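Undergrad: Can you keep this structure in mind? I'll have questions shortly.
Bear in mind these aren't lab numbers, they're just calculated from the coordinates by the rules spelled out. Keep in mind it's a predicted model, so treat the numbers as computed, not measured. Please note: Cβ atoms are built from the backbone with ideal geometry, for glycine as well, and neighbour counts cover all protein chains shown.
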Amino acid sequence: MKIFQTYKIEKGKHQINHGLLWEYRLDDFDWQKFRRVVVERVIKMGRLFDWYAAFDLYGGIRGFRRIARDEVVDLTPRELDFMCRALNIEKTETKCYKQAQLRKAHLGS
């Protein structure tokens, strides 16, 4: 969490880089409906200001952490490890990790 020490909730101050969501029309984009996509893109490719903007959108660091833990499923092992370290989440608690384990079990049988 040390990388987010400078974060302060300031609605409207931070904006997500539109390049992260290049295939969507952002003028009528439903940020709540597509929150999983937004959080995944921020984790995968976002810069610090993108993380701060996502924190503003989704209820601070706690809200972002909840979405990352409970909804995000499409991360590489490296991205998952970074997310868990940055947000102080146990890897085994994440939906992404659980899905990967189910896939391994299914393919192994």
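Undergrad: What FRET efficiency, computed as 1/(1 + (r/R0)^6) with R0 = 30 Å and r the Cβ-Cβ distance, is obtained for LYS98 and LYS13, rounded to the nearest 0.05? Each step should come with its number before you reach the end.
TA: Details: r = 35 Å, r/R0 = 1.16.
The pair LYS98/LYS13 has a calculated efficiency of 0.30.
Undergrad: Now, a different point. Need the C-alpha centroid separation for the range 53-95 versus the range 22-44, integer Å.
TA: 15 Å
Undergrad: Loop-only check: which GluC sites (Glu not before Pro) in the range 15-94 are DSSP coil with at most 11 other Cβ within 10 angstrom? Don't skip to the end; give the middle numbers.
TA: On the way: sites: GLU23, GLU40, GLU71, GLU79, GLU90, GLU93; in loops: GLU23, GLU71, GLU90.
Sites meeting the loop and neighbour criteria: GLU23, GLU90.
Undergrad: PHE34 to ARG62: FRET efficiency via 1/(1 + (r/R0)^6), r the Cβ-Cβ distance, R0 30 Å, to the nearest 0.05? Can you show the working numbers first?
TA: Numbers: r = 20 Å, r/R0 = 0.66.
The computed FRET efficiency comes out at 0.90.
Undergrad: Hey, with R₀ at 41 Å, roughly what FRET efficiency would PHE49 and VAL73 work out to, going by the Cβ-Cβ distance, to 0.05? Each step should come with its number before you reach the end.
TA: On the way: r = 25 Å, r/R0 = 0.61.
Calculated transfer efficiency: 0.95.
Undergrad: With 20 Å as the cut-off, how large is the P(r) tail for the chain, expressed as percent of Cα-Cα pairs?
TA: Values: 2341 of 5886 pairs.
Above the 20 Å cut-off, the chain has 40 percent of its Cα pairs.
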